[in-house]
Amino acid sequence: MHFMGKRRKRNPAVWIAKTAVLLGLALLFQTLDAILPAMSAVHLGPFDLSTLIIGMLVNLTLCVAAGYAGFWSGVIIGVLTPAAALLQGQMAFAVMLPVVAAGNITIVTVFWLLAKKARFPGSMYVGAIAGGALKFGVMWAPMTFAILPALILLAPDAQKASVLSTTLTFSMIWAQLITGVAGGVIAAAIIPPIRRGLGEKKEKEEEYEKR
């Protein structure tokens, strides 16, 4: 007999596999500037192409993790990616690690809530835009009012302080809005085809996604 209130236990091996694959992709994306160094030499206004592409791909992975593998998958990837960037020398200052992690967790949370818990037509796209905007806000405040002023004060001279201010303002603040929204929108577009391509039925999706 089928009981409506009964839920089958989720398969932890499936969740671990999804999270591991997505984490691997995110870490690979973070090394693209080393694999394709020419990207850093291309500028789109105040932004370099490397920052925009890598940021978009990492945010895409975070949202796919949240919308497909589950909330905690997104959180784990959101914390481990900036930690790896710091260890690999891709993040210049350790003080930025908690700010980036907090921003990542923000976009994961908002996207997951709208993609999973508040399902309505276009909910994932709303989650992408709202998540990207809130991630920007979460990172903008501490970067603008605490971290950036402190780093400028520690700069050895005025010229380096000016370069540091400009670089971090665009790469760690304004680029986050662009890459967060863009990555989230692409994730919202590809999650349904991923599900269909892997042949997952709606009932099975709900079973594994309720985290």
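Consider LYS117 carefully, then state whether it is among the charged types (D, E, K, R) and under 30 Å from VAL95 (Cα atoms).
Values: among the charged types (D, E, K, R): yes; under 30 Å from VAL95 (Cα atoms): no.
Judged against the criteria, LYS117 is not a match.
Confirm whether SER123 is closer than 22 Å to THR51 by Cα and of a type in the set (S, T, N, Q). So SER123 fails the test.
Of the residues in the stretch 111-124, how many are touching a Leu at 6+ places or on another chain (Cβ under 9 Å) and either within 20 Å of SER171 (Cα to Cα) or surrounded by 12 or more Cβ atoms within 10 Å (Cβ to Cβ) (or both)?
The number of residues fulfilling the criteria is 3.
Candidates are the residues of the stretch 82-105 that are over 9 Å from the mean Cα position of the chain (by Cα) and not hydrophobic (A, V, I, L, M, F, W, C); the one that is surrounded by the fewest Cβ atoms within 10 Å (Cβ to Cβ) is GLY89.
Of the residues screened, LEU49 is one that is in contact with a strand residue (DSSP E or B) (Cβ under 8 Å, 6 or more places away or on another chain) and within 21 Å of LEU177 (Cβ to Cβ). For the stretch 12-50, a tally of residues being farther than 23 Å from THR166 by Cα, within 19 Å of the chain's Cα centre (by Cα) and in contact (Cβ under 8 Å) with a residue 60 or more places away in the chain returns 1. Just to be sure before I move on: is ILE194 at pLDDT 90 or above and touching a helix residue (DSSP H, G or I) at 6+ places or on another chain (Cβ under 8 Å) in the structure I sent? When the stated conditions are applied, ILE194 does not pass them.
Somewhere in the stretch 197-209, is a residue assigned to a helix (DSSP H, G or I), closer than 15 Å to PHE71 by Cα, of a type in the set (Ser, Thr, Tyr) and modelled with pLDDT of 95 or more?
To start, the set of residues in the stretch 197-209 that are assigned to a helix (DSSP H, G or I) comprises 197, 202-209.
Retained after the next criterion (residues that are closer than 15 Å to PHE71 by Cα): 205-209.
Filter once more, keeping what is of a type in the set (Ser, Thr, Tyr): 208.
In the following step, the residues that additionally are modelled with pLDDT of 95 or more were identified as none.
Among the residues of the stretch 197-209, not one is assigned to a helix (DSSP H, G or I), closer than 15 Å to PHE71 by Cα, of a type in the set (Ser, Thr, Tyr) and modelled with pLDDT of 95 or more, which makes the answer no.
Would you call VAL138 modelled with pLDDT of 95 or more and either closer than 22 Å to LEU60 by Cβ or surrounded by fewer than 15 Cβ atoms within 10 Å (Cβ to Cβ) (or both)?
Values: modelled with pLDDT of 95 or more: yes; either closer than 22 Å to LEU60 by Cβ or surrounded by fewer than 15 Cβ atoms within 10 Å (Cβ to Cβ) (or both): yes.
In short, yes.
Suppose we keep only residues that are loosely packed, with under 14 Cβ neighbours inside 10 Å and either in contact with a Ser or Thr (Cβ under 7 Å, 6 or more places away or on another chain) or among the β-branched types (Val, Ile, Thr) (or both) within the stretch 145-173. Which one would you say is nearest to MET56 (Cα to Cα)? This residue is THR166.
If I ask for residues that are farther than 18 Å from VAL75 by Cβ and under 16 Å from the mean Cα position of the chain (by Cα), which ones from the stretch 127-147 would you list? First the steps, then the outcome.
So the first thing to find is which residues in the stretch 127-147 are farther than 18 Å from VAL75 by Cβ, and the list is 129, 133, 136-137, 140-147.
Of everything in the stretch 127-147, those that are farther than 18 Å from VAL75 by Cβ and under 16 Å from the mean Cα position of the chain (by Cα) turn out to be ILE129, ALA133, PHE136, GLY137, TRP140.
Considering only residues in the stretch 8-37 that are in contact with a helix residue (DSSP H, G or I) (Cβ under 9 Å, 6 or more places away or on another chain) and either of a type in the set (Lys, Arg) or loosely packed, with under 12 Cβ neighbours inside 10 Å (or both), the one that is farthest from ALA101 (Cα to Cα) turns out to be ARG8. Restricting attention to the stretch 51-90, which residues are touching a residue at least 24 places away in the same chain (Cβ under 8 Å) and within 23 Å of SER165 (Cβ to Cβ)? Result: THR51, LEU52, ILE54, GLY55, ALA85, GLN90.
The values are calculated or read from the model by the stated rules, or taken from the named source; none is laboratory data. A quick note: this is a predicted structure, and the numbers were derived from the prediction, not measured. No Cβ is skipped: glycine too gets one built from the backbone with ideal geometry, and neighbour counts run over all protein chains shown.
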